[in-house]
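Scroll down for the structure; my scribbles are underneath it.
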Amino acid sequence: MSSSTTEPTGQSYRILQNRINTNTEILYKRYENILSLVPMTIERRDVEGRVIGHDKKDKTLTMAETFQMETHASAMIRAAEDLLALTKSLKEAWIFGQIGGDEEVVKKIRAEADQDAEIVGENLLEKVTKEVVGDF
């Protein structure tokens, strides 16, 4: 997003939307991949494709699938973290006026933030003064 204008360009919207779509797709695909690894048995099928029995998975296959699940889970975590970082940056950009919004609402939020900062500053000054000077 450009900090020189208050409205993001169409290209920046497309970039943000692409980032959201990519991360969402990663979450869905990785979740599907994990679910596909869940069955603890392997189906035996005949020539016509009918299930004729189930065999338990051996330890090697189970360990390999466990590793795959961990890999998929790690990718899901990275995608979720990227989405969280994106929402944080969007919130910050909105608060600091880098993206559009109702001017009155933005002014009200800034005024409230300034007022809160002033109150915190006064309370901090009072507390520090009491600790340093004491009660005279």
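The values are calculated or read from the model by the stated rules, or taken from the named source; none is laboratory data. Predicted model, so just to flag it, every value in this text is computed and none were measured. Positions of Cβ are backbone-derived with ideal geometry, glycine not excepted, and every protein chain shown enters the neighbour counts.
For the stretch 79-118, a residue qualifies if it is surrounded by 14 or more Cβ atoms within 10 Å (Cβ to Cβ) and of a type in the set (D, E, K, R), and exactly one does: Asp82. When we screen Leu61, Leu27, Leu37 for residues that are of a type outside the set (Phe, Trp, Tyr), free of Cβ contacts under 8 Å to residues at least 60 places away in the same chain and out of contact with any helix residue (DSSP H, G or I) (no Cβ under 9 Å at 6 or more places or on another chain), the only hit is Leu61. Report yes if Ile26 is among the β-branched types (Val, Ile, Thr) and under 19 Å from the mean Cα position of the chain (by Cα), otherwise no. Yes, satisfied. Being surrounded by 10 or more Cβ atoms within 10 Å (Cβ to Cβ), in the same structural domain as Ser12 (by TED's automatic domain parsing) and either of a type in the set (S, T, N, Q) or modelled with pLDDT under 80 (or both) is a property that holds for Thr66.
Kindly indicate whether any position in the stretch 111-130 is over 35 Å from the mean Cα position of the chain (by Cα) and hydrophobic (A, V, I, L, M, F, W, C). The answer is yes; a qualifying residue exists.
Scanning the stretch 1-58 for residues that are modelled with pLDDT under 75 and among the hydrophobic types (A, V, I, L, M, F, W, C) gives Met1, Met40, Ile42. For the stretch 48-62, indicate whether the set of residues that are of a type in the set (A, V, I, L, M, F, W, C) and outside any helix (DSSP H, G or I) is non-empty. Taking every residue of the stretch 48-62 in turn, at least one turns out to be of a type in the set (A, V, I, L, M, F, W, C) and outside any helix (DSSP H, G or I). Of the residues making up the stretch 50-87, those that are under 18 Å from Arg14 (Cα atoms) and not aliphatic (A, V, I, L, M) are Asp82, Thr87.
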